[in-house]
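So the structure is just underneath, and the comments pick up after that.
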Amino acid sequence: MTDADFQMFGMSKADIRDQYINSITAKLSGMEMVVMGILSDCQEMQNYGVDTKERIRKQMNIAKFILAEMMQEKRQAA
C-alpha cells in the first residue's frame, strides 16, 4: 500500500477491490448498493466521536473510487 492510498482511503486499492468491489453485496445487489451502503455509514458516523471527520472523508473517497471503477468498466464495455 502506498502512503497516498493510506492517506486517501485508509487501505490499499487492492483491499478496496477485495473488500468492497468483490464483496458478496456487490455480487448479489450490485455496486450501486455498495456505494449507497458506504454513504449510509458516513451519515451514521456523523453522530460519533472526535476522529470521525477523517474516517468519513476516507470512506467517501472509497465510494468515489468505486464509482470511478464503475465508470471505467462502463467505458470499456462500450
| query | What is the gain in length, in nm to one decimal, between Phe6 and Gln19 on full extension, counting 0.36 nm per residue of separation less the C-alpha to C-alpha distance? | reply | 3.2 nm
| said: For Lys53, give me every one of the aspartates and glutamates with a C-alpha distance below 15 angstrom, ignoring sequence neighbours fewer than eight places off in its own chain. | reply: Asp41, Glu44
| query | When the Karplus curve 6.51 cos²θ - 1.76 cosθ + 1.60 is applied with θ = phi - 60°, which whole-Hz ³J(HN,Hα) does each residue of region 11-27 get, with x for Gly and Pro? | reply | 7, 7, 4, 5, 5, 4, 4, 5, 7, 10, 5, 9, 6, 5, 4, 4, 5
| Going by alpha carbons, how many degrees (0 to 90, nearest 10) lie between the helix axis of 31-45 and the longest principal axis of the chain? | 0
| message | With θ taken as phi - 60° and the coefficients 6.51, -1.76 and 1.60, list the Karplus ³J(HN,Hα) couplings across region 60-69 in order, rounded to whole Hz; mark glycine and proline as x. | response | 5, 5, 5, 4, 5, 4, 5, 4, 5, 5
| What spacing in nm lies between the two simple spin-label points modelled at Ala78 and Arg57, each 7 Å away from Cα in the Cβ direction? | 3.3
| task | Starting from the Cα of Lys13, draw a straight line to each of the lysines and keep only those under 18 Å, dropping any in the same chain fewer than 8 residues away. | result | Lys58, Lys64
| message | Modelling each spin label as a point 7 Å along the Cα-to-Cβ direction, I'd like the Leu39/Leu67 distance in nm, to one decimal. | response | 0.7
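We did not get these values from a lab; they are worked out from the coordinates using the rules stated. As the structure is a computational prediction, the values presented were derived from the model and not from experiment. Neighbour counts are summed over all protein chains in view; Cβ atoms, including those assigned to glycine, are modelled from backbone coordinates with ideal geometry.
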